[in-house]
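*Asks:* Provided herewith is a single structure, encoded as structure tokens, for subsequent inquiry.
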Amino acid sequence: MATLAPRPDLLLVALRRSRARTLRVRAAAVPRARRPPVPPQAARRVFLGLGAAFVDQLARMASGGAPSRSFVAAARPRQGVSPVEEILKNVEWPDEFPFKPDDFSRFDESSDTVFYSAPRFVTHIDDPAIRALTKYYSQVLPPSNTPGVAILDMCSSWVSHYPAGYKQEKIVGMGMNEDELKKNPVLTEYVVQDLNLNPKLPFDDNTFDVITNVVSVDYLTKPMDVFKEMRRILKPSGLAIMSFSNRCFWTKAISIWTSTGDADHAWIVGAYYHYAGGFEPPEAVDISPNPGQTDPMYIVCSRKKTA
Ligand SMILES: C[S@@+](CC[C@H](N)C(=O)[O-])C[C@H]1O[C@@H](n2cnc3c(N)ncnc32)[C@H](O)[C@@H]1O
């Protein structure tokens, strides 16, 4: 499908939706103790970052092809159906990459090194969400101590949320804060690197069986470069697992993330795999432990194609 021309009616929907979601994301996404005031410029900039073609595409997908139905209405949860899981089923990607450069801008464009200079020995999601993620990992990661297995935990910290006692010969953590990475018991080595300055991953082709990234894909301002690099360093059939909730350091998250909701986030991450190329169709999984009561938890994962 070709990238669609702007539609004024959908832009109106987008405006209402963007404002509502911006407020919701701000209310829910910031770690409780450190919520900053909401500067009014942010909402305007965030709305301007929402591409019309993207909104149109979302509306079409959500309406099964009828472009006049709003995405907001379609995304309202129906009993037993997760909008996040639905969004990547039968998805029709636009021919062209649907995001604009401004979609990857952030309210705080100052150095990430400064922002992450002090260690944060905290958890960024609540305990039920962590347990759900660990349980998911226990089902999909290679068994502990499998010879030859290598794993990369991208955007890592002092915790990776892998099953208790999980070990492999090589588990590399990449992140921004060395003190945090040093304390992470599961890592066999670590690399401190700002992926927004240097998205080149310092590993040979076909190195890793699995790449994980927990609640951090929204901080990547060059996701296409990073996802292409992920494809390069994964072994054939290697698995990439991006997980996220509805929290973030919103001043550091990209504008297309802070202006959209959970199902859109799954679409955005799915798009990263799709446009990076060389991945199987991405899949979204909703592993939220108590929908509406505790932090939601979502996975968007894909395997590198074998050929
Ligand atoms: C919300 S924390 C999540 C940390 C960890 N994955 C966890 O679950 O506790 C965000 C992480 O993203 C990483 N990060 C943020 N910006 C980054 C950048 N520009 N380059 C590399 N990593 C970055 C930092 O290492 C930071 O620890």
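*Asks:* D153's amide H: which non-local residues (gap 5+, or another chain) put their own amide H closer than 5 Å, with H modeled 1.01 Å from N in plane and none for Pro or chain starts?
*Replies:* Placed amide hydrogens put V172, G173, M174, T212 under 5 Å from D153.
*Asks:* Over the range 191-307, what is the percentage of antiparallel beta bridges among all DSSP beta bridges, to the nearest 5?
*Replies:* The answer is about 65 percent antiparallel.
Readers should treat all values here as calculations from the given coordinates under stated rules, not as data from a laboratory. All values reported here derive from a predicted model rather than from experimental measurement.
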